[in-house]
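For reference, the structure discussed in these notes is given below.
The values are calculated or read from the model by the stated rules, or taken from the named source; none is laboratory data. Being a predicted model, the structure only gives us computed values, none of them experimental. Note: ideal-geometry Cβ built from the backbone for every residue, glycine included; neighbour counts use all protein chains shown. The accessibility values were calculated without ligands, DNA or RNA, using every heavy atom of the protein model including side chains. Shrake-Rupley method; radii C 1.70, N 1.55, O 1.52, S 1.80 Å.
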Amino acid sequence: MFSLLKKRHLSNATGRKRKLWQFHGGVHLPEEKHLSNGKPLRDAPLPAQLVIPLQQHIGAPARACVRVGERVLKGQLIGEPEGYISAPVHASSSGLVSAIEPRAAAHPSGLQVPCVVIETDGADQWAELPEPIMDYQAADAATLRQRIRDCGVVGMGGASFPSNVKLNPGADQPIDTLIINGVECEPYISCDDLLMRGQAADIIDGISIMLRVLGAKQCLVGIEDNKPEAILAMQQAVVLAATGKVIGRPRAGETGSNQISAKQIVKGQARNAFAERIQVVKIPTLYPSGGEKQLIKILTGKEVPSHGIPAQVGIVCQNVGTAKAVADAVLRGQPLIERLVTVSGRGVAHPCNSRVRVGSLASGLIAASGGYRGALAKLVIGGPMMGFRVDSDALPVTKATNCILALTPEESPDSGEPLACIRCGRCAEVCPANLLPQQMYWHARAKNLDKTQDYNLFDCIECGCCAHVCPSHIPLVQYYRYAKTESWAREREKRASEHARERHEAREARIERLERERQSMLRRKKEAIAPKSKAPKAAASTSTGAANDQGDPKKTAIEAARKRAAEKKAAAAKVVASTSEAAPKSAASQASGSAPASAPVFADEDQH
Amino acid sequence: MPGGFLSSPHSARVNRVDQVMLQVCLALVPGTLALVWYFGWGILINMALATVFAVSAEALVMVLRGRPILPAISDYSAVVTALLFALTVPPTLPWWMTLLGMLFAIVIVKQLYGGIGYNPFNPAMAGYVFLLISYPVELTSWLPPDIPELLQTQDLVTLSFVESARLIFTGIMPPGITWDAITAATPLDEMRTLLDQDQVISEIRQSPLWGDFGGRGWEWVGNWFLVGGLFLLWRRIITWHIPVSFLGGLLIMAGLFWFLDPQTHPHPAFHLFSGGAILGAFFIATDPVSACTTRRGQLIYGACIGALVFVIRTWGGYPDAVAFSVLLLNIAAPMIDQYTQPRVFGQARRRA
């Protein structure tokens, strides 16, 4: 029975029997991974200066919590998160803070972002780290999430969304499956490959922690079949963690970490429970299988709804690098201050992967890879399909930087002047979102933004397949980005004008209401006064009747009129006094409903 | 909008318009050779003439539009138009008709609408139809296939290269030869005429004009164009949708009527291997600019063309119908596209 179970784990871990699905389209690209994936992982040299951006994640930027001139230690908090969707930033080595100022960041816009600049002292001295949470199975999910947040863990696949937020989908969205993205479908990049080969055990630990946090039933690790070493290493690590059994032939040179973790497993039997739920799935190599929605479709057949998130179909997707960072955070208390980065392309002398501190400049990494070689067409951060071109290499590596590419003119030739679209439809053939790129292009070009949205512009993931195959060399992705940005701007404008209109209408309504209230108050006062003034009149008429007997009716009539006028005056004065007094007072005494309604309107006006 | 080099992807582009067009030209080679084999040098002369006229017309319009000439003519789209046109017109067509046809196709149908990518109609077919309506006699005077046995029984002769050239350029026939001696009805024409004379298929098929499916010679031209079409499919220049639905639509219609009355309706294979069916299905209806672009739309588009080809061949006023059918469906293509958008990833159903 036990052996049967074990066997199930083996086949489970190797994922042989698993059914796979396909997404529409996709392209086979020259992989170019051999440039970097055959060389051993290196530690990048400690740079003399670290430029650590305070915004390396989606959400609000962190707020600097150190001062210029202050000495910081490795792993010390230097930027505090602002709000829920934000992430802290830590110093990646010890040294002196020399500046906190905007610097050019690795961002497609080339915008400057606030950075903490640290002159490293070479001591690389660790700060006091939070206590490791070794028994994470017993730990509370909220505690684990807090630790993941405190350690600044964000998605390391590129989007850099704060992981703790992603790991907290809420009670209304129960998570069935955790998907770990080890696909790495972009050409050239091999850092996830090397991470899986070398630190599979850590990744399994991180997955186990995330399974604990999410309460998910299973975890599927998707890896493209062009990374057999990584698949084997991950399968070995899963089986090792689940059963303590070593499968397959240990790979020369890469076995170190696995053997170490085997010893750890023998010590802490507790972690086996989660590893049983992990399955490593080999998927066919096809770009863009590593897209979150595409990978979910491949592994589960489920489609994340358009404009939706994976949690809506009971799935959370994380990158292998994130899993490693989660393990570091929980089991070692280490914040996310370093990552693996591929430096590749035929424009560098020795392409390789290295362990790089966040804040290291790309220029230093390229120098460590032997510097530039030959003619350089462009420098790209990220992969050739979705990465962005930068003009300078004086840019810091962030938590999301997976690759720095120096491409030669042969690798990235100038595509020339675009020709007219001949509607050949190849773009539609390869589109992984099953869009009609040629139609969207047509409307984007005509600035017909509503039409682009009719053709589901916002389902475009900007993978670049369409532009890659376009025989007319039209920069399609650029048109879609343009149309999206314009649509957002228009949406903002619309919202602003709508807001202005609402405010205007509210103001009109308020003025009208106040006027109405004043009128009704006047009427009420009048009504209240009318019987009073009648009574004295009656009294007066009786008295005048009596006086009449005495004679001179004219005089008494005048007297009565005078009296009435005086009374009216007094009443008017009273009304003015009551309205000019604080509104709540009158409201409280009269119409209790009107005051709460009027107050927010005033407040609203004050705000803007 | 800034230049294209700024945005991703940074990869080398794998396709180019001129390469696509050149591969189409390459795919036309087997069918062209077969046509030349059976119908003489006139085909090649027409192809050369049409190419020169089409490229010149394109260059002329570029000059008039004040645009660079080289990019426009170096995409070879005008060449493809010219070749397709020349393959559909009779090998004896006077040179000035080719000129007229090409001017109409390139200047009016293609460039007046904005040039490549913007023309709603297939230029080659529009040029052909323009001539067919204007000069019906010249456009339907085909030569007999060069099969000695056939020529002897019908008392026909073929033209040499020089004779063909002289006929095309000067209109002078070789001495002692009349039009009747060099022209013969196409199988589609023959079938129509005889059916109109109330003959039944079994009688009609007695003639040595007929091969296994269609007319002798003609059916082999169809086969060789099919080879070229398969090459295009293999090279992924076209997808299977339009050719298969085109031929499917034609076969279903022809099969239905043949099944109902095999004596007055020819076998479906006759329709398939006669006239321009194969050329139309693989080379003409698949012109991306004027065809549907959605997959489901292409199936509808192709099937409608196929069905229309049968309808016009059987009940219409012209022996063949590929050009008319393609042009009619060209107009319908944008609407078909509109209603056949694919289901986008993550959307349960297409929004109305």
(message) Criterion first (surrounded by 16 or more Cβ atoms within 10 Å (Cβ to Cβ), within 14 Å of chain A (Cβ to nearest Cβ), among the aliphatic types (A, V, I, L, M) and in contact (Cβ under 8 Å) with a residue 12 or more places away in the chain) does residue B:20 satisfy it?
(response) yes
(message) Whether any residue in the stretch A:268-278 is at pLDDT 50 or above and within 27 Å of the chain's Cα centre (by Cα) is what I want to check.
(response) yes
(request) Taking only the stretch A:298-308 into account, find how many residues are open to solvent by 20 Å² or more (accessible area, probe 1.4 Å) and without any contact (Cβ under 8 Å) to a residue 24 or more places away in the chain. (result) 3
(request) Within the stretch A:108-140, count every residue that is in contact (Cβ under 8 Å) with a residue 60 or more places away in the chain and either more than 20 Å from residue A:56 (Cα to Cα) or out of contact with any Pro (no Cβ under 6 Å at 6 or more places or on another chain) (or both). (result) 19
(message) Are there helices (runs of 4 or more DSSP H) fully within the stretch B:218-321 with at least 2 residues that are in contact with a His (Cβ under 7 Å, 6 or more places away or on another chain) and at pLDDT 90 or above? List them.
(response) B:241-260, B:295-315
(message) What pairs come out if I take residues in the stretch A:281-297 that are within 10 Å of residue A:183 (Cα to Cα) and pair them with residues that are open to solvent by less than 10 Å² (accessible area, probe 1.4 Å) and among the basic types (Lys, Arg) whose C-beta lies under 9 Å away, six or more apart or interchain?
(response) A:282/A:227; A:285/A:227
(request) Can you tell me which residue within the stretch A:392-424, out of those that are surrounded by 22 or more Cβ atoms within 10 Å (Cβ to Cβ), of a type in the set (S, T, N, Q) and more than 11 Å from chain B (Cβ to nearest Cβ), is farthest from residue A:57 (Cα to Cα)? (result) A:402
(request) Mind listing whichever residues of the stretch B:54-97 are touching a residue at least 60 places away in the same chain (Cβ under 8 Å) and either open to solvent by 50 Å² or more (accessible area, probe 1.4 Å) or in a helix (DSSP H, G or I) (or both)? (result) B:77, B:84, B:87, B:88, B:95
(message) With the requirement that a residue be of a type in the set (Ser, Thr, Tyr) and either away from every other protein chain (no Cβ under 14 Å) or over 23 Å from residue B:9 (Cα atoms) (or both), what does the stretch A:286-306 give you?
(response) A:300, A:306
(request) Please find, among A:389, A:355, the residue that is open to solvent by 40 Å² or more (accessible area, probe 1.4 Å), away from chain B (no Cβ under 13 Å) and in contact with a strand residue (DSSP E or B) (Cβ under 6 Å, 6 or more places away or on another chain). (result) A:355
(message) Give me the strands (runs of 3 or more DSSP E) completely within the stretch A:285-393, filtered to those with at least 2 residues that are over 17 Å from residue A:157 (Cβ atoms), ordered by residue number.
(response) A:338-344, A:352-357, A:378-381, A:388-390
(request) Scan the stretch A:41-61 residue by residue and report those that are part of a strand (DSSP E or B) and crowded, with 21+ Cβ neighbours inside 10 Å. (result) A:50, A:51, A:52, A:53
(request) Being open to solvent by less than 70 Å² (accessible area, probe 1.4 Å) and either closer than 19 Å to residue B:16 by Cβ or touching a residue at least 12 places away in the same chain (Cβ under 8 Å) (or both) is the filter here, so list the residues in the stretch A:482-501 that pass it. (result) A:482, A:483, A:484, A:487
(request) Please tell me if residue A:510 is of a type outside the set (Gly, Ala, Ser), open to solvent by less than 80 Å² (accessible area, probe 1.4 Å) and more than 30 Å from residue A:435 (Cβ to Cβ). (result) yes
(message) When the residues of the stretch A:425-473 are narrowed to those that are of a type in the set (A, V, I, L, M) and either more than 26 Å from residue A:382 (Cβ to Cβ) or open to solvent by 30 Å² or more (accessible area, probe 1.4 Å) (or both), which ends up farthest from the chain's Cα centre (by Cα)?
(response) A:446
(message) Quick check on the stretch A:62-75. Is at least one of its residues modelled with pLDDT under 90 and open to solvent by less than 30 Å² (accessible area, probe 1.4 Å)?
(response) no
(request) Return yes or no: is residue B:286 touching a residue at least 40 places away in the same chain (Cβ under 8 Å) and over 16 Å from the mean Cα position of the chain (by Cα)? (result) no
(message) With the requirement that a residue be more than 10 Å from chain A (Cβ to nearest Cβ) and surrounded by fewer than 15 Cβ atoms within 10 Å (Cβ to Cβ), what does the stretch B:335-352 give you?
(response) B:335, B:339, B:349, B:352
(message) If the requirement is being among the hydrophobic types (A, V, I, L, M, F, W, C), within 30 Å of residue B:13 (Cβ to Cβ) and in the same structural domain as residue A:219 (by TED's automatic domain parsing), which of these qualifies: A:381, A:283, A:309, A:315?
(response) A:283
(request) Spot the failing condition for residue B:44; the list is (1) within 14 Å of chain A (Cβ to nearest Cβ); (2) more than 28 Å from residue B:112 (Cβ to Cβ); (3) in a helix (DSSP H, G or I); (4) hydrophobic (A, V, I, L, M, F, W, C), and only one is missed. (result) (1)
(message) Need the failing condition index for residue B:299 against (1) in contact with a Pro (Cβ under 9 Å, 6 or more places away or on another chain); (2) away from every other protein chain (no Cβ under 12 Å); (3) of a type in the set (A, V, I, L, M), just the number.
(response) (1)
(message) Pairs please, first residue from the stretch A:419-433 and in a helix (DSSP H, G or I), second anywhere and crowded, with 22+ Cβ neighbours inside 10 Å and among the polar types (S, T, N, Q), Cβ atoms under 7 Å, 6+ apart in sequence or on different chains.
(response) A:427/A:438; A:428/A:438; A:428/B:293
